[in-house]
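A.B. asks: I'd like to ask some things about the structure below.
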Amino acid sequence: MVGESASSRVVLTAPLALEGGLAEEMQPPNMVQRVLSLFRNIRPGSDLSHFQLPPLFNMPKSQLQCYGEGVYCIGEDYLSRCPLGKTSRERFTSVVAWSISTTRPAIFGLAPFNPILGETHHVSRGNLNVLLEQVSHHPPISALHATDSVENIELVWCQHLVPKFYGASVDVVIHGHRQLLLKLHKEKYKMNAPNLVIRILPKTSMEWCGTVGIKCEESGLEAEVCYYRGRSLWGFRGNSRCIRGKIFQTDTEKLVYEISGHWDKTVSLKDIDSGEVRVLYDAKKAISKLETPVLRNAEGLSTTESVMVWGEVSQAIINKDWEKAREAKRKIEERERALARERKERGQVWMPKHFTISQKKEGHWECSPLDASVPQAPIFVPLPSPD
């Protein structure tokens with residue numbers, strides 16, 4: 001743990017949001033030319049998982065923070081609605097809406113820091129306590145555990161990014177899974193995440209794409225939600241941020257609901273039996289003008305906390321002091337390489353502090369939290385003021 005004097009190193013930045021947030025604060029110029037220059041010596045098909053970005057291409061936060069924001073930075077709280085449904089269908093549709101709410105707009109030309117091994121991020125919002133840890137560096141695997149003792153909700157994520165360069169784009173495949181447990185109903189929902197396509201030419205864009213599958217064995221329901229790429233012809237954008245999907249019974253494949261809309265606007269749900277259509281998700285209410293996390297207890301901060309690890313680099317980026325940012329980032333990277341050499345020389349195997357990790361099959365990893373619940377965090381997200 002660290003003391004009050006270290007709180008000056010803590011840098012908490014606005015979350016990625018539909019309106020306001022970090023995107024409005026970070027608007028780098030001439031990014032297309034800079035990105036093309038960055039990749040001029042990279043072969044198409046190259047894995048960028050451990051590609052060292054200059055700070056000019058970093059946003060002032062870690063990938064762990066970006067994962068965490070998808071859970072704890074929210075306007076209208078879709079997660080707390082999940083256990084409130086009176087029927088399994090009502091709860092399932094609420095889980096689908098919450099899954100969509102974790103999709104956030106990215107910033108072209110800027111990427112979060114790659115977390116160091118053992119890095120953690122711990123934040124609370126109301127009764128929801130969220131803890132993340134970087135449990136592996138090769139491959140880079142992040143784990144998340146969140147609990148809400150009032151709503152009897154538990155989340156466990158285990159996922160890792162594989163970004164590859166393809167000349168005109170960078171495709172980021174998100175491997176792994178997310179699990180949501182509604183304890184009172186004894187229902188477990190398993191799902192994956194959409195992938196991200198960073199299009200450089202002929203026109204820049206950041207697009208979530210791919211199919212998200214959501215399944216609950218206890219209710220016998222399943223969903224497929226497809227995120228579509230915007231079509232591009234001679235540089236003109238097509239219909240991006242569009243999603244289409246369905247909810248059906250797993251055993252009979254009988255269609256129960258149809259899903260349609262845009263993840264950055266509204267998504268509608270149509271009941272196949274009655275024909276009734278209602279709004280399932282409203283992005284403006286959920287992910288616009290989000291609150292920035294606040295430090296409330298410097299004494300409780302861990303030295304591995306993301307905002308501590310990257311504080312100096314983040315502040316230099318915000319100040320546009322690129323020389324200081326490069327030097328601070330270089331020190332972190334050199335320290336990590338030195339620690340890895342030490343472990344290798346001593347024959348030590350690094351173990352995560354908060355999770356167990358195992359490989360079930362090639363490319364498929366499982367993470368399990370060591371503790372049943374997550375304690376309150378030294379960083380919190382203010383709840384939105386009532387209208």
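The values are calculated or read from the model by the stated rules, or taken from the named source; none is laboratory data. All values derive from a computational prediction rather than experimental measurement. Cβ placement follows ideal geometry from the backbone for every residue including glycine, while neighbour counts extend to all protein chains displayed. Quick note on the areas: whole protein, heavy atoms, side chains included, nothing else; ligands and nucleic acids left out. Shrake-Rupley method; radii C 1.70, N 1.55, O 1.52, S 1.80 Å.
A.B. asks: Return the carbon/sulfur percentage of the accessible area of segment 247-362, one whole number, probe 1.4 Å, all protein chains in place.
C.D. replies: 47 percent
A.B. asks: Compute the normalised compactness of segment 132-268: alpha-carbon radius of gyration over 2.2 N^0.38 Å, N being the residue count.
C.D. replies: Dividing the Cα Rg of segment 132-268 by 2.2 N^0.38 Å gives 1.22.
A.B. asks: Would you mind giving the average projected area, over all directions, of the Cα convex hull of the chain in nm² with one decimal?
C.D. replies: Averaging across all directions leaves 20.8 nm² for the Cα convex hull.
A.B. asks: Given the -39500 (n - 2.57) contribution per DSSP H run of 4+ residues, what per-residue ellipticity at 222 nm results for the chain, rounded to the nearest 500 deg cm²/dmol?
C.D. replies: The helix contribution divided over the chain gives -6000 deg cm²/dmol.
A.B. asks: Considering the dipole of the chain built from charges on the beta carbon (Lys and Arg +1, Asp and Glu -1) around the Cα centre, which of Ser80, Phe92, Asn30 is farthest to its positive end?
C.D. replies: Asn30
A.B. asks: Pop a pseudo-label 7 angstrom from the Cα along the beta-carbon direction at both Lys215 and Phe57 and give the gap in nm to one decimal.
C.D. replies: Spacing of the two 7 Å Cα→Cβ label points: 3.7 nm.
A.B. asks: Here is a follow-up. Which shape class applies to segment 49-142: rounded if a/c is under 1.5, otherwise prolate when a/b exceeds b/c and oblate if not, where a ≥ b ≥ c are the square roots of the Cα gyration tensor eigenvalues?
C.D. replies: Prolate shape, in that a/c is at least 1.5 and a/b is the bigger ratio.
A.B. asks: Using mean Cβ contacts within 10 Å as the protection proxy, how do 90-102, 315-327 order, highest first?
C.D. replies: 90-102, 315-327
A.B. asks: Listed highest first by mean packing, meaning other Cβ atoms within 10 Å per residue, what order do 270-283, 129-142 come in?
C.D. replies: Those peptides, ordered most packed to least, come out 129-142, 270-283.
A.B. asks: If you wrap a convex hull around the C-alpha atoms of segment 93-155 and split its volume per residue, what is the figure in Å³?
C.D. replies: Taking the convex hull of the Cα positions in segment 93-155, it is 124 Å³ per residue.
A.B. asks: Which percent, nearest 5, of DSSP beta bridges in the chain are antiparallel?
C.D. replies: 95 percent
A.B. asks: Of Lys86/Lys265; Lys203/Lys329; Lys203/Lys265; Lys86/Lys284; Lys86/Lys285, which pairs sit farther than 29 Å apart, going by alpha carbon to alpha carbon?
C.D. replies: Going by Cα-Cα distance, Lys203/Lys329 fall outside the 29 Å limit.
A.B. asks: A further question on this structure: What is segment 250-343 by shape, rounded, prolate or oblate, if you read a ≥ b ≥ c off the alpha carbon gyration tensor as root eigenvalues and call it rounded for a/c under 1.5, prolate for a/b larger than b/c, and oblate otherwise?
C.D. replies: Since a/c reaches 1.5 and a/b is larger than b/c, the shape of segment 250-343 is classed as prolate.
A.B. asks: While we're looking at this one, here's another question. By the 4.7 Å beta carbon criterion, which cysteine residues of the chain come out unpaired?
C.D. replies: If one checks each Cβ against the other cysteines of the chain, Cys66, Cys73, Cys82, Cys209, Cys216, Cys226, Cys242 turn up with nothing under 4.7 Å.
A.B. asks: What are the lysines whose alpha-carbon lies under 18 Å from the alpha-carbon of Lys270, with same-chain residues fewer than 8 places away excluded?
C.D. replies: Lys246, Lys254
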